[in-house]
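Following: one structure in structure tokens, then a few remarks.
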Amino acid sequence: MKVLKFGGAIVGSAEHLKKVKSIVEAEKNPIVVVSAMDGVTDLLEEIVEEASTGDSKSIISRYEDLKTRHTELARQVVPADSQSAALSELNRLYAEMDSMLQALTIFRDWTDNILATFLSYGERLVSVIVGEMIGARVLDSTRFIIAEGDADCGYSIDEETTTEKIKAAFSKIKGAVVCQGFIAGTNDDEIATLGRGSSDLTAAYIAKVLGAQEMQVWKPNDEFMSADPKKITSAYLIEHMSYEEARELSINGVGTLFSDALTPLAEAKIPLSMKNICNGNTTMISAVSNPEDKVIKGIASQDDCVMYTFSGIPSDYLPRMVSESAMVLESDHVPYTVFSLSAAGGSFSVCIPVEYEGYFNNLSQSLTSMNACKVQTMRDLASVVIVGENMKNATGTAGKLFNALGRNNINIVAMNQGSSETSITVVLEKKNIKKALNAIHESFFLTEYQELNIFVVGTGTVGGSLLEQLHSQKELIMNQNGVKLNVMGVADVSKFILDRNGVDLTRYNELLKTEGKESTPESLKKALFELNAFNCVFVDCTAAPAIAAMYLDLLQHNISVVCANKIAASGDYDNYINLKNTARKRGIKYLFETNVGAGLPIINTIGDLIYSGDRIVKLEAVLSGTLNFIFNTISEEIPLSKAIKMAMEARFAEPDPRIDLSGKDVIRKLVILARESGLKVSQEDVEKNLFIPDDFFEGTLDDFWAKVEKFDAEFEEKRKVIAAEGKRWRFVATLDEGKTKVGLQAVDSRHPFYDLEGSNNLIIINTARYKDPMMIRGYGAGAAVTAAGVFADIISIANIR
């Protein structure tokens, strides 16, 4: 035999009730427990309160509508041959309600028993409809569910009497039975209610006493998810958990299961199935959790909490105050957590959801006046609870939780581990709740993929190519590497767009024009900090000093930085060190692989050598793809000025080629390599041997072109001299025993630089371990390869390389 409980959202829907009929008919002699329709209990209570004022006019329309809803539902779901009986019984109950309301309006007073009796009609009306629909006998739950206590302190089930009466009531009944949840009788033959949501408790006691094979609770949704699906799109159904895990999640706001119902089920070891009537999804709750399951089974959260901290309490009173607080909150089914119990300091804290604040205010005043202690209130908080029985046997769970929060710059206000070792609760600022849930859920659950929330600044040649690659490779990266790339923001020189769910990369230029907001360093930071996304990555594809100046603020807010911009890594040395140290301390990334060699793995390789204890002895490199292209192109037919223009046409050179020709770009790259090798080097320390006269860099760009064309003949004469010697020019950066220099060198055919083609880069590294040099060679310029290098840095943040 099974006990099937159907909640208010199901019994109020004709569509759902037709499914209920099929479900019941598929079982052998089930016991069906029903709730009132959603909202009906609240409405009945309002009707009693308003009727007792003598004003019946204000409630007539709502009261008549309530009766009509039940009558129409009966006509829709009850078979034709049973409708007369169903409507007759409904009318009988309506008449009883009419009489009670008339008396309330006249006498303008009501007792707890009168209120409970009137509220009981919500369940009674539904039980008539369901009973006639499935052709089952309807039993009055007040005859066998017996409550003890009173309305002021709350009713609980009298277990001994209830057990006897359930056995007696069901002993001679054959076939399906329908009874009401929520309502009970008392030993004084009055009617009581067991609290909102307590229909689950009624069903659980019946299941326990009669030794049911299983209890089922049917809902129109998936009740137990790994996290709130409204906040975590990747939340999934929990298929199995223990009674203790279900209790912890329920009391902390997950689903609508009445947590007290788990106690009788656990005592009798009766499994509970939480079922979705729309899709058949099931969460099975039983005595044990699978030890092979994840350490954490689910995450509960409360979005708006208040925390009271009581201090200055005499040590003799402290246990009593804590106990009294817990007792009051538990009796009202208020989810709460006690934090920071300190006997030495005479203090403790209690955190509750704001909507339950009224339950605690009177108690708080009583405690403070009785014991002359002080109370401090903190608002705008939220709580997160991770739940899992396997925590008992796993090490590092709390550390993993704190790391996930810390990595995303989320401060913990208070924390507590439950005495059963199946839960850890943290309190944090309300503004961080969604970010925290995403970070925790990904850390504990997302084995299939990791999400990165990306903001790209710069839509020029490199930035545009990167956005194209992110769009075209998104699905492949997800399937191949398990990384979800969510480009949530794009900015150009004047506008930015931001969408937490992802920017449409097929039309970002259009969106920037039509929906873009003003793009400044301050507006970008403000937008990012307010969005407060988890696993956030800021990508700089500009050459702007103002954007580079943002990095420290971003890192201090736990936003990783990936940049093609060389300014920060080659600029002020103290700032460079501060950026790297800030990223390391916060467990995030500051990556700039493309600062040298575009997509070539130069910086990472040097880093790996240094981290492994090696030492860079000498480094020689051709680091400018633009200059290498120019020197490979110059010939008797192609003078210097034309080669420079060809480099610009091939998009190797900057719009102002003087940036490349001045050697500044190579100097910056050499400084970065020297710093990554462990040296304290600045641009001023680099010895320069340039091939363009200094005065060429003065004046306008037109002035430069006029001068360089006059320089063509002189430069060609020099080229012919080295060509006759079998040599070629290369612009070389050198690091040798701590000394740095850049300049034009003539190399012969024995040198590795001699055959360097096109815009290729080549770096030669001698280390204490590598006596024979290590060489890294490949394209060192171009939007596509630079964007690919930036892309690789982004992917590396997900720790897959």
Q) Using alpha-carbon pairs under 8 Å, 6+ residues apart, how would you state the relative contact order of region 602-781 in percent? A) 36
Q. If you take all C-alpha pairs in region 408-454, what percent of them are over 16 Å apart?
A. 50
Q: Sum up the charges of everything whose Cβ sits under 11 Å from the Cβ of Tyr770, counting Lys and Arg as +1 and Asp and Glu as -1, but leave Tyr770 out.
A: +2
Q | Taking the C-alpha atoms of the chain, convex hull volume expressed per residue in Å³ | A | 223
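Full extension from Arg75 to Asn91: what is 0.36 nm times the residue separation minus their Cα-Cα distance, to one decimal in nm?
4.4 nm
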(Q) Using Stokes-Einstein with the Kirkwood hydrodynamic radius over Cα pairs, what translational diffusion coefficient do you get for region 198-269 at 10 °C and a viscosity of 1.306 mPa s, in µm²/s rounded to a whole number? (A) 122
Q) Once both axes come from the Cα atoms, what is the angle between helix 357-371 and the longest principal axis of the chain, in degrees from 0 to 90, rounded to 10? A) 90
Q. What spacing in nm lies between the two simple spin-label points modelled at Ser323 and Ser749, each 7 Å away from Cα in the Cβ direction?
A. 9.8
Q. Going by how many other beta carbons lie within 10 Å of each one, how would you line up Ile610, Ile251, fewest first?
A. Ile610, Ile251
**Q.** Net charge, Lys275 excluded, C-beta distance under 15 Å - Lys, Arg +1, Asp, Glu -1
**A.** -2
Q.
Amide H of Val487 versus every other amide H placed in the peptide plane: which residues, excluding those fewer than 5 positions away on the same chain, fall under 5 Å?
A. Ile454, Val503
**Q.** Taking the chain and dividing mean pair separation by its residue count, relative contact order in percent (alpha carbons under 8 Å, at least six apart)
**A.** 8
Q.
What percent of all Cα-Cα pairs in region 5-129 falls into each 10 Å bin, going from 0 up to the bin containing the maximum distance?
A. 12, 42, 30, 13, 3
**Q.** Mean Cβ neighbour count within 10 Å, used as a protection proxy, ranking 215-222, 713-720 highest first
**A.** 215-222, 713-720
Q: Among Gln83, Ile285, Ala95, pick out the residue whose Cα is farthest towards the positive end of the charge dipole of the chain, where Lys and Arg carry +1 and Asp and Glu carry -1 on C-beta, about the Cα centre.
A: Ile285
**Q.** Estimated inter-spin distance, Ala14 and Glu49, nm [label 7 Å along Cα→Cβ]
**A.** 3.3
Q.
Using just the Cα positions, wrap region 602-781 in a convex hull and report its mean projected area in square nanometres, one decimal place.
A. 10.4
Q.
So if I restrict to the alpha-carbon atoms in region 679-770, what is the Rg, and what is Dmax, the biggest pairwise distance, in Å?
A. 16.3, 50
**Q.** Residue-averaged 222 nm ellipticity for the chain, from DSSP H runs of 4+ at -39500 (n - 2.57), nearest 500
**A.** -13000 deg cm²/dmol
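Sort the following peptides by mean Cβ neighbour count (other Cβ atoms within 10 Å, averaged over residues), highest first: 351-360, 121-130, 584-593, 34-43.
121-130, 34-43, 584-593, 351-360
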(Q) Above 11 Å lies some portion of the pair distances; for region 21-62, what is it as a whole percent of all C-alpha pairs? (A) 72
Q) Once you list every other residue whose beta carbon is under 11 Å from the beta carbon of Gly458, what net charge do they have if Lys and Arg are +1 and Asp and Glu are -1? A) -2
Q: Provide the FRET efficiency to the nearest 0.05 for the Met1-Glu468 pair, computing r from the beta carbons and using R0 = 56 Å.
A: 0.30
**Q.** Between helix 602-611 and the chain: long-axis angle, C-alpha atoms, 0 to 90°, nearest 10
**A.** 80
Q: Counting only DSSP beta bridges with both residues in the chain, tell me the antiparallel percent, nearest 5.
A: 60
Q | Degrees between helix 573-585 axis and first principal axis of the chain (Cα, 0 to 90, nearest 10) | A | 30
Q | Förster radius 45 Å - calculated FRET efficiency between Ser234 and Asp316, Cβ distance, rounded to 0.05 | A | 0.35
Q. In a Debye calculation with equal point scatterers on the alpha-carbon sites of region 2-220 and no solvent, what is log10 I(q)/I(0) at q = 0.09 Å⁻¹?
A. -0.34
(Q) Given 10 °C and 1.306 mPa s, compute D for region 566-657 with the Stokes-Einstein relation, Rh being the Kirkwood radius over Cα pairs; round to the nearest whole µm²/s. (A) 99
Q.
Just to confirm my numbers, what's the Cα centroid distance between region 30-97 and region 497-550 in Å?
A. 56
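Each reported figure results from applying straightforward, stated rules to the coordinates on display, with no laboratory input. All values derive from a computational prediction rather than experimental measurement. All Cβ positions, glycine included, derive from the backbone under ideal geometry; neighbour counts span all protein chains shown.
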